[in-house]
Amino acid sequence: MTVKETKLKNCFIIEPKIFEDERGYFFESFNQLMFNKLTGKSVNFIQDNESFSSRGVLRGLHYQVGEYAQAKLVRVIKGNVLDVAVDIRKDSLTYGEYVAIELSEDNKKQLFIPRGFAHGFIVLSETAIFSYKCDNFYNKESEGGIIFNDKTLAIDWKLSSDKFIVSEKDKVLPAMENARL
């Protein structure tokens, strides 16, 4: 596997080594020892989640605060998404900046999103199965969010906004300047 740090400190793109032949392919989607060695991080993932969504579904931007903050390792099993991580660490030099990367069943890339980041994605294919590991359990009282169309972030979601399918809960999230950080 190869690991490349993004412009946001401690946020990494991970590309597995894929072995392909006439039978199909094989790759190691996660190896704790290699992950720790290549990122310099010691993360203990304790929960795996999976979602299925249709084209235009936009989930985010979500995060957990305080003792329930979560690091995530995300990937796409089926389909194609634009995945976005926003640095919400107030003491960070890249506070308020984001990275966006296409994750797909074809490229098999993963994104490691450390604690202190908001996260969201939009489905670019007809459907997508999205998988993520978390290093902390979800806690409803600790959830936070930023509206997907925050003008200061100006995220290019790669689809026309009239194609977005957004939950009622996500439609009323605050702008970053008013978010619970």
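The values are calculated or read from the model by the stated rules, or taken from the named source; none is laboratory data. Source: prediction; values computed, not measured. Every residue, glycine among them, receives a Cβ derived from its backbone with ideal geometry; neighbour counts consider all protein chains shown.
Return the residue satisfying two criteria in turn: it lies in segment 131-142 and is of a type in the set (D, E, K, R) and under 21 Å from VAL76 (Cβ atoms), and of such residues it is surrounded by the most Cβ atoms within 10 Å (Cβ to Cβ). Don't jump to the end; show me each part of the working.
Residues of segment 131-142 that are of a type in the set (D, E, K, R), as a first pass: 133, 135, 140-141.
Those left that are additionally under 21 Å from VAL76 (Cβ atoms): 133, 135.
Working: LYS133: 21, ASP135: 18.
Only one residue tops the list, namely LYS133.
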For this session: With the checklist (1) touching an Asp or Glu at 6+ places or on another chain (Cβ under 9 Å); (2) modelled with pLDDT under 95 in hand, flag the one item SER131 doesn't pass.
Result: (2)
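In this structure, is TYR138 among the hydroxyl-bearing types (Ser, Thr, Tyr), touching a residue at least 60 places away in the same chain (Cβ under 8 Å) and in a loop (DSSP other than H, G, I, E, B)?
On the way: among the hydroxyl-bearing types (Ser, Thr, Tyr): yes; touching a residue at least 60 places away in the same chain (Cβ under 8 Å): yes; in a loop (DSSP other than H, G, I, E, B): yes.
Here the answer is yes, as TYR138 does meet what is asked.
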For this session: Return yes or no: is TYR132 under 10 Å from the mean Cα position of the chain (by Cα) and within 23 Å of LYS169 (Cβ to Cβ)?
Result: yes
Exercise. If you take just the strands (runs of 3 or more DSSP E) that sit entirely in segment 1-120, which of them hold at least 3 residues that are surrounded by 15 or more Cβ atoms within 10 Å (Cβ to Cβ) and hydrophobic (A, V, I, L, M, F, W, C)?
Worked result: 12-15, 57-64, 72-78, 80-87, 98-104, 110-113
For this session: Filter segment 143-181 down to residues that are in contact (Cβ under 8 Å) with a residue 12 or more places away in the chain and hydroxyl-bearing (Ser, Thr, Tyr) and give me whichever is surrounded by the fewest Cβ atoms within 10 Å (Cβ to Cβ).
Result: THR152
Exercise. Would it be correct to say that ILE46 is over 15 Å from the mean Cα position of the chain (by Cα), modelled with pLDDT of 95 or more and of a type in the set (A, V, I, L, M)?
Worked result: yes
